[in-house]
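Here the structure comes first, spelled out in structure tokens, and everything after it is commentary.
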Amino acid sequence: MTARSVAQLLQSAPATALPGTWKLARGRAVTLRPTMDGILRVAHGRVWATIEGPHGVTPSDSGDHVLEVGRSMYLRAGQSVVIEAWNQRGASWFAWDPVFVTQPVRPPVTTTAVLQPMADLRAALGLALRAAGQLATGLTRLAWDRLRGGQAGVSRCPDGAPG
């Protein structure tokens, strides 16, 4: 609703005013232009609501609706509706309740989401470097033993005889 239409609706409400509702005097009309989806509810009396087109051919698709106490109408953001108090006597009371669309919320990224994988990678890199060093040492010893003409895994006595 625009500020002007809200100002027009604000009146000194009598003691019988319904909390959370707007009073619409008999024979008066107001245009609602919601900026978010919502529900128009009738709390007292009866209103004639005309939704802007395009409209279908069935009564439920028409732009005109009569809403009585306890009835409601869903309106999309940007969809205009003109409502008029449609009572034989007295005012009508209505409420406009926005419908909030739930959005999936992603959990915040914490430092543990980064620090734990970094610690795992650091440990894995340490193990990989240690294994590479041990492999290089083993290959060097094997090559050195082969160059000396010995067999791997057989110890030699100082005189060259096995065992």
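The values are calculated or read from the model by the stated rules, or taken from the named source; none is laboratory data. This structure is a prediction, so every number in the text was calculated from the model and none was measured. Neighbour counts are summed over all protein chains in view; Cβ atoms, including those assigned to glycine, are modelled from backbone coordinates with ideal geometry.
Evaluated against (1) over 31 Å from the mean Cα position of the chain (by Cα); (2) assigned by TED's automatic domain parsing to the domain that holds Thr21; (3) not in a strand (DSSP E or B), Ala143 falls short on exactly one condition, (2). Between Arg89, Arg122, the distinction of being charged (D, E, K, R), at negative phi and touching a residue at least 60 places away in the same chain (Cβ under 8 Å) belongs to Arg89 only. Residue count for region 60-93, restricted to those that are in a loop (DSSP other than H, G, I, E, B), under 32 Å from the mean Cα position of the chain (by Cα) and charged (D, E, K, R): 2.
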